[in-house]
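Everything on this sheet refers to the single structure shown next.
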Amino acid sequence: MRGRVSVARTSLGPMSTGSSPSTTPFPDTERLSRVGLRAELDGAVLTVTLDRPQRRNSQTPGQWHALGDLGASVPDEVRVVVVRGEGATFSAGLDTRLLGPDGVPGEDSVHDLMRGDDQHVLDTIDAYQRGFTWLGDPRFVSVAQVRGHAIGAGFQLALACDLRVVAEDALFCMKEPALGLVPDLAGTKPLVELVGYSRALEICATARFLGAEEARHLGLATAVVPGDDLEATTADLVEALLSSDAGAVRETKALLQSAGSLGLEEQRLRERQAQLRRFRALTARG
Ligand code: CAA
């Protein structure tokens, strides 16, 4: 096993690091804590933890807004983002109380949302989705560390990450259609890209549970390990990701993201342009 990355660990307070190009201030610890989140910066690694284990890390709009703000303010030195859940469950998805008339104190319920016009609802969901899509930013590689259930919004959060390290007890479920909803937190595209249209439809339309082995077989899980090894395996993967050149990994992630949608001519043009930037960067280093 490789040695651990050893850099000073800091809990993020009201800050924005000097070298970050971001103009959005990092959400402070108190705000994150209020919505059941933690963020820890450890050198080039940002670890984001869903921290409502008493509610099985179920998710709320306040959390999605905070995640979106966090994503918009990630310091430039961050090369890997790990997303995990506190306790035995990655995430039980949407806090289902939000679907009922009583909602969740301090949070907008679906009933509250329905008081607005259609454009307001569409804009609000757009803002929710930003809590997920930032994990595709080519500046870093995102890794979901999944233990136990990843249901609905929890499954979509895992799908928003580039890689998924999965414990043997993991269970994924796209529960939305069973509740009369669709997966709307940017999860449909990565699901289809990973497992193909037909299997994605079967998984969503049946809202069935997929275990870790099936997730590996389908290409959803990057690795499946015993629960006791989950942290160490994630740390090893993070170390391996950090061992490659930062600029090359960023350029490569961007290239791989465009590879599926661009034609060969456009894609190989992008490869040439990216390599030119790499040559320039490497020769400038001497
Ligand atoms: N929302 C709110 N509270 C939840 C919750 C959720 N999604 N999931 C669990 N909880 C709460 C339970 O109500 C319970 O609270 P109390 O202790 O106050 O009774 C506590 O967390 C523990 O729950 P369980 O006893 O059920 O825990 P478990 O470990 O036995 O089971 C579970 C875990 C399989 C995840 C089960 O809790 C479960 O099925 N939860 C509901 C999952 C669900 O339907 N999520 C919605 C997905 S759809 C979605 O996410 C919509 C979207 O994106 C648009």
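Of note:
- Semi-axis lengths (Å, descending) of the ellipsoid that matches the C-alpha gyration tensor of region 69-156: 27, 19, 10
- Accessible-area value, Asp169, 1.4 Å probe, nucleic acids and ligands omitted, Å²: 90 Å²
- For region 157-225, alpha-carbon Rg and Dmax in angstrom: 11.3, 34
- For peptides 138-145, 96-103, sequence by mean Cβ density within 10 Å, most packed first: 138-145, 96-103
- Separation of alpha-carbon centers, region 133-164 and region 206-281, rounded to whole Å: 12 Å
- Acute angle (nearest 10 degrees) that the helix 61-72 long axis makes with the longest principal axis of the chain, alpha-carbon atoms: 10 degrees
- Taking one quarter of the surface of the C-alpha convex hull of the chain gives a mean projected area of 16.8 nm².
- Pairwise label distance in nanometres, Leu242 with Gln273, each label 7 Å out on the Cα-Cβ vector: 3.2 nm
- Here the contact order of region 29-243, divided by its residue count and restricted to Cα pairs under 8 Å and six or more residues apart, works out to 18 percent.
- Cα convex hull, region 209-286: 105 Å³ per residue, rounded to a whole number.
The values are calculated or read from the model by the stated rules, or taken from the named source; none is laboratory data. Just so we're clear, the structure is a prediction, and the values are computed from it rather than from any experiment. All Cβ positions, glycine included, derive from the backbone under ideal geometry; neighbour counts span all protein chains shown. Surface accessibility is based on the protein's heavy atoms, side chains included, excluding ligands, DNA and RNA. Shrake-Rupley method; radii C 1.70, N 1.55, O 1.52, S 1.80 Å.
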